[in-house]
Amino acid sequence: MKTLKRHDKARYALLICDMLNDFVKEGATLEVPKARAIISNIKREIKKARKNSIPVIYCCDAHKNSDTEFKLWPRHAVKGTDGARVIEQLQPHKHDYVVYKTRYSCFYKTSLDRILKKLGITHVIMTGVVTNICILYTTSDAYMRSYYIVIPENCVAALTQREHQFTLEQMKRVFHADIISVS
């Protein structure tokens, strides 16, 4: 896997997708056990981003009590609950952005695209959960909006390794995502 290369005119943003209590904590409603293994990697990426003046944007599920998504998935990340909060280890700083979403894509009916355009972003670095759901659909929407996508493979997690690997390959082939290794 490649490592992140800075392009002269590239402007990056780091996206942290759904690193919320209801996905990360042991025994949580929609627990992604492998999410706990990527916390330290994401933490390092956040630290690097802040050091290099790269905007950090948290994209967080924030559902209403009656969200139709609960017909498919158990009730999770209900706005205002502990389950909808970013995990303690990755808390946003006051200069970070927080975007609330109600669907898989971080772009769908959110302010994300407007924020990225305002900041002059050309490249998005995708991190968080779930590789084959929210990461995939956000990557698709980023590609459709002409953003260049970078995915540190050890900063995203799925429920299974098979789903994780298959989706990384799909995002590489279909959306030309740059799958990299970071340390």
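Can you spot the lysines whose alpha carbon is less than 26 Å from Lys64's alpha carbon? Ignore those fewer than 8 places along the same chain.
Lys25, Lys79, Lys94, Lys101, Lys109
List the trypsin sites (Lys or Arg not before Pro) within the stretch 87-159 that DSSP assigns to loop and that have no more than 15 neighbouring Cβ atoms inside 10 Å.
Lys94, Lys109, Arg145
In whole percent, what relative contact order does the chain give with Cα contacts below 8 Å and a gap of six or more residues?
Once divided by the residue count of the chain, the mean separation gives 28 percent.
How long, wide and thick is the stretch 92-183, going by the Cα atoms along their three principal axes, in whole angstroms, largest first?
Principal axes ranked by extent give 35, 29, 25 Å for the Cα atoms.
Share of the stretch 50-124's accessible area from carbon and sulfur, percent, 1.4 Å?
52 percent
Quick one: dipole size for the chain, taken about the Cα centre, charges +1 on Lys/Arg Cβ and -1 on Asp/Glu Cβ, in debye to the nearest 20.
Approximately 680 debye in magnitude.
Accessible area per residue for the chain in Å², computed with a 1.4 Å probe and the full protein assembly in place, what is it?
52 Å²
Got a sec? Charge dipole of the stretch 26-183, +1 on Cβ for Lys and Arg, -1 for Asp and Glu; which of Ile151, Trp73, Leu119 is way out at the positive end?
Leu119
Simple spin-label model, 7 Å along Cα-to-Cβ: Arg103 to Glu169 in nm?
2.9 nm
Expressed as cubic angstrom per residue, what is the convex hull volume of the alpha carbon set of the chain?
113 Å³
The values are calculated or read from the model by the stated rules, or taken from the named source; none is laboratory data. Just so we're clear, the structure is a prediction, and the values are computed from it rather than from any experiment. For neighbour counting, all protein chains shown are included, and Cβ atoms are generated from backbone atoms with ideal geometry for every residue, glycine included. The accessibility values were calculated without ligands, DNA or RNA, using every heavy atom of the protein model including side chains. Shrake-Rupley method; radii C 1.70, N 1.55, O 1.52, S 1.80 Å.
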